[in-house]
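Participant: Just passing along the structure, written as C-alpha cells.
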Amino acid sequence: MDTNAAKSLLRRYLEGDASQDELILVEQWYQAMAEAGDWDWAEGEQQQLQTLLENRLLERIAAQPAEIPSRETPAVVRPMPFWGKRALGAAAVLFLLAMGVWLLFIRQRPQSIAAVENPGVGVKPHNTAILTLAGGKTIPLGDSAAHWTGRQGGVILRNDSGQVVYVPASEKASDIVTNTLATPTGSQYRLVLPDGTKVWLNASSSITYPTAFAGSQRRVTTSGEVYFEVARQDQQPFIVQQGGMTVQVLGTSFDVNGYDDEAALRTTLLTGKVRVGWGAADRLIAPGGQAVIEKGGSEIRVNGNADIETIMAWKNGSFAFRDADIGSIMRQAARWYDIRVVYAAKIDKHFIADIPINVPLADFLKLLEATDQVHFRVEGKRVIVMP
C-alpha cells in the first residue's frame, strides 16, 4: 500500500466508512510497516494527518489512559495520545489511533452488527426487583408494577412508579422489622433507605435492612454488588456487612462487590472515608482506593489508585473491561443475560472494551468476536466459549 492509499484509508476509519475488508487491509499494512521501520513522510504530511487524527479523537473521547498493560497485549487496543508514545514510531501510533476510532464506531452503532443464533436469549435491562417483607410476603417491583400503599412495622410503604418509599409512622423500636430487596439476573434497582441513604443494586444482588434505624448504628447486609451514597449522621455510623467483611462509614459513597463466583471481596471508595474490617484486620480507605480481600485469606490488601470509571460502569449503563480475561467478562455476562457459560478450550487473551449494558446478548458476543480472539456458540441459554 502506498502513502496516499494508506492515508485515504485511515481517513475512512475516522469517518466510520471503512469496510471489513479495509479493516483487515489496514492491519496488514501496519504489520508490514512495523517490519520495515517508520513511515517515510514528506515535509508537512505527518503533522497534517496527525492534527486531523487528534481533532477527531478529541471529539469522541474525553479522557483515555495512556498506558497499555505490559504483561500481555489485550485483544482490543484503546486509543493512545500521539504525543506520549514516541518509541512506537509514527506508523504504529497512527494505526493504534485509527483502530481506537474504529472500535468507538462499533460501540456507537451496534445495530450494524449481524445477529448470532438465538438472539432472543439476550434481553434488554429492566428496572425490577423483589421486595420481601417481614413474614415472607413478596412484592414485585419495577416500572410497570402496580401502585400500592401498605404498612410494614413502624413505617408506611408506598410504591410509586416502581420506587419504594419508606414513610416513618412510629418510632417504637418494637415496631421495627426487616425487609430484603433483591434483583434478578438482567436487572438493576435503586432504593432509598429509611435514613435517606441511596442504594443501587446491580444484577443478582440483594440488601437486607430494617424499616427504621434505631440505636447507635445503621446496619445492612448485602450480597452481589451494591453502590451506596450514605446519608451523613455522625452519631450513627452506617455499617455494611457482606460475608465476613464489614464496611463502616459516616457519610460517603462507595461500591461493595462480593459475588459468590468472584475470587475476592472488593470495597471501592469514591468519596469520604471508610474502614474495612475482616476478622482481626481492618484498614482505613481513602477516596479512589479499593480494599481487596481474597476469599479464604486473612489480609486486606489496599489499592490506592482504583479504576473508578471501570468499577462504576455498571451503574452508568455499560460494561467496561480493562485488560480483562474472558472468565471475568463472561461472569458479568452470565449475571446480566441469565446464561450458563461453558468453555471448550482455555483462552489466555485479555480484552479492553466498552459495551452498552442494554445491548442484546447477540451483539455483546459479536463485539467480542470482532477481536478475532474468541468465538461463541449459543445453544438455548448455554453459551460455549471457543478460540
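Participant: Considering only region 365-384, how many residues are buried (at least 20 other Cβ atoms within 10 Å of the Cβ) and within 25 Å of SER205 (Cβ to Cβ)?
Facilitator: Result for region 365-384: 4.
Participant: Looking at ALA345, is it under 17 Å from the mean Cα position of the chain (by Cα), part of a loop (DSSP other than H, G, I, E, B) and in contact (Cβ under 8 Å) with a residue 24 or more places away in the chain?
Facilitator: no
Participant: Next question, about the same structure. Name the residues in region 271-283 that are of a type outside the set (Gly, Ala, Ser) and either in the same structural domain as PRO356 (by TED's automatic domain parsing) or over 21 Å from the mean Cα position of the chain (by Cα) (or both), would you?
Facilitator: Once the filter is applied, which keeps residues that are of a type outside the set (Gly, Ala, Ser) and either in the same structural domain as PRO356 (by TED's automatic domain parsing) or over 21 Å from the mean Cα position of the chain (by Cα) (or both), region 271-283 yields LYS273, VAL274, ARG275, VAL276, TRP278, ASP282, ARG283.
Per-residue answers, yes or no, for (1) assigned by TED's automatic domain parsing to the domain that holds LEU361; (2) more than 17 Å from the chain's Cα centre (by Cα); (3) over 21 Å from GLY186 (Cα atoms); (4) of a type in the set (Val, Ile, Thr):
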site	(1), (2), (3), (4)
LEU265	no, no, yes, no
GLN290	no, no, yes, no
LYS295	no, yes, yes, no
ASN303	no, yes, yes, no
GLY327	yes, no, no, no
ARG340	yes, yes, no, no
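Participant: Just name the residue that is nearest to ASP348 (Cα to Cα) out of those in region 301-322 that are crowded, with 20+ Cβ neighbours inside 10 Å and touching a Pro at 6+ places or on another chain (Cβ under 9 Å).
Facilitator: So, considering only residues that are crowded, with 20+ Cβ neighbours inside 10 Å and touching a Pro at 6+ places or on another chain (Cβ under 9 Å), the one nearest to ASP348 (Cα to Cα) is PHE321.
Participant: Now, a different point. Checking the condition assigned to a loop (DSSP other than H, G, I, E, B) and acidic (Asp, Glu), which residue from ASP323, ASP372, ASP363 passes? Steps first, answer last, please.
Facilitator: Numbers: ASP323 fails: assigned to a loop (DSSP other than H, G, I, E, B); ASP363 fails: assigned to a loop (DSSP other than H, G, I, E, B).
Among ASP323, ASP372, ASP363, only ASP372 is assigned to a loop (DSSP other than H, G, I, E, B) and acidic (Asp, Glu).
Participant: So which of SER298, SER328 ends up being surrounded by fewer than 18 Cβ atoms within 10 Å (Cβ to Cβ), closer than 24 Å to THR246 by Cα and of a type in the set (Ser, Thr, Tyr)? Talk me through it step by step, then tell me what you get.
Facilitator: Values: SER328 fails: closer than 24 Å to THR246 by Cα.
SER298 is the lone residue from the list that is surrounded by fewer than 18 Cβ atoms within 10 Å (Cβ to Cβ), closer than 24 Å to THR246 by Cα and of a type in the set (Ser, Thr, Tyr).
Participant: Tell me the residue from THR268, THR252 that is more than 21 Å from VAL359 (Cα to Cα) and in contact with a helix residue (DSSP H, G or I) (Cβ under 7 Å, 6 or more places away or on another chain), please.
Facilitator: Numbers: THR252 fails: in contact with a helix residue (DSSP H, G or I) (Cβ under 7 Å, 6 or more places away or on another chain).
Among THR268, THR252, only THR268 is more than 21 Å from VAL359 (Cα to Cα) and in contact with a helix residue (DSSP H, G or I) (Cβ under 7 Å, 6 or more places away or on another chain).
Participant: Here is a list: ALA334, ALA345, ALA362, ALA286. Which entry is surrounded by fewer than 16 Cβ atoms within 10 Å (Cβ to Cβ), outside the structural domain of ASP261 (by TED's automatic domain parsing) and in contact with a strand residue (DSSP E or B) (Cβ under 9 Å, 6 or more places away or on another chain)?
Facilitator: Residue meeting the stated conditions: ALA345.
Participant: Using beta carbons and a limit of 8 Å, which pairs, at least six apart or on different chains, have the first residue in region 310-327 and free of Cβ contacts under 8 Å to residues at least 24 places away in the same chain and the second one not acidic (Asp, Glu)?
Facilitator: Correct list of pairs: THR310/ALA320; THR310/PHE321; THR310/ARG322.
Participant: Identify all residues within region 296-310 that are outside any strand (DSSP E or B) and farther than 29 Å from PRO387 by Cβ; write none if there are none.
Facilitator: Hits for region 296-310 are GLY296, GLY297, SER298, GLU299, ILE300, GLY304, ASN305, ALA306, ILE308, GLU309.
Participant: Here's a follow-up. Counting only residues that are touching a Gly at 6+ places or on another chain (Cβ under 6 Å) and under 29 Å from PHE319 (Cα atoms), give me the strands (runs of 3 or more DSSP E) lying completely in region 185-286 with at least 2 of them.
Facilitator: Details: elements: 189-192, 198-201, 206-210, 218-223, 225-229, 238-242, 245-249, 253-257, 264-271, 274-278, 281-285.
Hits in region 185-286: 264-271.
Participant: Being touching a Phe, Trp or Tyr at 6+ places or on another chain (Cβ under 8 Å) and assigned to a strand (DSSP E or B): is that true of ALA291 here? Spell out how you get there, then give the answer.
Facilitator: Numbers: touching a Phe, Trp or Tyr at 6+ places or on another chain (Cβ under 8 Å): no; assigned to a strand (DSSP E or B): yes.
When the stated conditions are applied, ALA291 does not pass them.
Participant: Report, ordered by the first and then the second residue, all pairs with beta carbons closer than 7 Å, sequence separation of six or more or different chains, a first member in region 268-284 that is without any contact (Cβ under 8 Å) to a residue 24 or more places away in the chain and of a type in the set (Lys, Arg), and a second member that is surrounded by fewer than 18 Cβ atoms within 10 Å (Cβ to Cβ) and assigned to a strand (DSSP E or B).
Facilitator: Final answer for the pair search is ARG283/VAL302.
Participant: Look through TYR227, TYR209, TYR259 and report the one residue that is touching a residue at least 60 places away in the same chain (Cβ under 8 Å), within 16 Å of LEU191 (Cβ to Cβ) and not charged (D, E, K, R).
Facilitator: TYR227
The values are calculated or read from the model by the stated rules, or taken from the named source; none is laboratory data. On a predicted model such as this, the values are computed, not experimentally measured, just so you know. Every residue, glycine as well, gets a Cβ built from its backbone with ideal geometry; the counts of neighbours run over all protein chains shown.
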